[in-house]
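The values are calculated or read from the model by the stated rules, or taken from the named source; none is laboratory data. The structure presented is a predicted model; accordingly, all values stated were derived computationally and were not measured. When we count neighbours, we look across all protein chains shown, and the Cβ atoms used for this are built from the backbone with ideal geometry, even at glycine. What goes into the accessible areas is simple: the full protein's heavy atoms, side chains included, and nothing from ligands, DNA or RNA. Shrake-Rupley method; radii C 1.70, N 1.55, O 1.52, S 1.80 Å.
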Amino acid sequence: MSITISHPLAGAAAAPASRTLRASIPLYIYAVSLAALLTVVGVLWDISWHRSIGRDKFLSPPHILIYLGAIFAGLFSGLQVLYNSLFRREASRAGAIRVWGVFYSSLGSLFCIWGAIAMLTSAPFDDWWHSAYGLDVKILSPPHTLLALGMIFLQLGACVSICKYLNADAAETGYASRTPVLQFLFIVSASSLLTMVYTLGTDFLHVRGMRSGLFYIIAAISSLLLFPAFGKALRMRWGMAAIGLGYFLLVGVSNWVLQLFAAEPKLGPILTHTTHFQPAQFPALAFLPALAMDLVLQRSKTSEWVTALWMSAAFVGVLLAVQYPLSGFLLESPGARNWFFGAQTWYYGNSPDNPFRYRFRPHDIASLPEMASRLAIAVVAGWGCARLSLRWGKWMQTIQR
């Protein structure tokens, strides 16, 4: 596919394009932000569906929600491309990427279209996979991997699309009234992407793993690849904390709502009879280490390498201080077995008499030397990821197309 970036027109011809860019928030920006949210809510619902009911179909309600997100993003982004290509004047096309010499698109729209195509392609693939091999035993089966990549492209495309307008607002005054709306939409999209990444790492980012060092290594890598970049792109004083809080609310509200609806297992073996949807685990308090990183970023006056190191150390340190004791409460305390914390949730295929249902297994708890070495690895790995993310965030601040 041939993609070229058209040069901005000089002089008076560029002025109409600039005014058009800043006049209002296009409808497709709202659509792709909603699509990013729908897809990840659909995934959370689908995981709960498998934990609570087991049997699903091609057009189960969670699948429909996921596919609607893909359709919204692909359709509205595609219409935006057609509108730019067929009806806008050449001056307006100066802020677009030229594709195949015919079409004019924003970079974010291209990401959304590619993501939507991958997601919709995975749907019949997943249906065939179930027919041929039965239910998935892992999150990342081949069709789910294609679906996950499509969702990540879609959600990233939503963030990139919004960056175009946030950067335009930062370049000129007089359009501050729409900036808070754009920042809110960015938080929705970025929180959806963060939730998706954390969901893909569920095998490591779970309550029982919070007392082993591997949890902090995976959390540092996945979080520090995203938080610094999104914090810079958002252009908010507490941007990383806002995105971390968005993740917490997205997962938390999904959990709290799902538990209100009846659901019974329909696929054996059924060892524990449940009557309502079983939610995901209580979300990590990622907004607290994100808040510490915001403070580091605000006060740092040194090189990005030093800033990245302090951000990584702050993230790992605060995450350890918060999640280590919280894991004990969530797993062992009767006070956590309620609607809010959801610690009583249990997969129907597991025995209700499991001796470790409300206890840590011996291998869940790392020794002090092992924990110390893995925390050091987490800080070093997070350092590299944060440095890369800061550079990525600078690029996001320059997006104009």
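Taking every pair of alpha-carbon atoms in the range 212-311, give the share separated by more than 21 Å as a whole percent.
49 percent
Identify which of 184, 204, 340 has the largest mean-square fluctuation in a Gaussian network model of the chain, with springs joining Cα atoms closer than 10 Å.
Greatest mean-square fluctuation among the candidates belongs to 340.
In what sequence, highest mean first, do 388-400, 261-273 appear when ranked by Cβ atoms within 10 angstrom?
By packing density, highest mean first, the sequence is 388-400, 261-273.
Set Lys and Arg Cβ to +1 and Asp and Glu Cβ to -1, take the dipole of the range 232-388 about its Cα centre, and tell me which of 283, 257, 383 lies farthest positive.
Result: 383.
Got the relative contact order for the range 145-277 handy, in percent, Cα pairs under 8 Å and 6 or more residues apart? Provide the component values of the computation, followed by the final result.
Working: 96 pairs, mean separation 27.7, N = 133.
RCO, the range 145-277: 21 percent.
Run the count for the chain, please: Lys pairs, Cα-Cα under 14 angstrom, 8 or more apart or on different chains.
Numbers: 57/266; 164/232; 164/394; 232/394.
Here the count comes out as 4.
For the range 317-401, what's the radius of gyration and Dmax over Cα atoms, in angstrom?
Rg then Dmax for the range 317-401, in Å: 19.3, 58.
Take the Cα coordinates of the chain, assign each an equal point scatterer, and use the Debye formula without solvent to give log10 I(q)/I(0) at q = 0.06, 0.08, 0.12 Å⁻¹.
For the requested q values the scattering log ratios are -0.26, -0.47, -1.00.
How much solvent-accessible surface does residue 151 expose, in Å² to the nearest 10, with a 1.4 Å probe and all protein chains in place?
So the heavy atoms of residue 151 present about 0 Å² to solvent.
Highest mean first, what order results for 283-290, 212-219, 159-166 on Cβ atoms within 10 Å?
Taking the mean over residues of other Cβ atoms within 10 Å, the ranking is 159-166, 283-290, 212-219.
Give the accessible area for residue 131 in Å² (nearest 10); use a 1.4 Å probe, count only protein heavy atoms, and leave out ligands, DNA and RNA.
100 Å²
Size of the dipole of the chain about the Cα centre, Lys and Arg at +1 and Asp and Glu at -1 on the beta carbon, nothing else charged, in debye to 20?
940 debye
Of 267, 104, 157, which is farthest on the positive side of the dipole of the chain, counting Cα position, with +1 on Lys and Arg Cβ, -1 on Asp and Glu Cβ, and the Cα centre as origin?
Of the listed residues, the answer is 104.
Determine the calculated [θ] at 222 nm for the chain from helices alone, applying -39500 (n - 2.57) to every DSSP H run no shorter than 4 residues and normalising by the residue count; nearest 500 deg cm²/dmol. Walk me through the numbers on the way to the answer.
Working: 12 runs with 252 residues, N = 401.
Result for the chain, helices only: -22000 deg cm²/dmol.
Enter the accessible area per residue of the chain (Å², integer; probe 1.4 Å; all protein chains in place).
Value for the chain: 45 Å² per residue.
If you rank 363, 63 by how much accessible surface each has, with a 1.4 Å probe, what is the order from largest down?
Numbers: 363 140, 63 15 Å².
Sorted by accessible area, descending: 363, 63.
Just name one of 224, 47, 182: the one whose Cα is farthest towards the positive end of the charge dipole of the chain (beta-carbon charges, Lys/Arg +1, Asp/Glu -1).
So the residue we want is 182.
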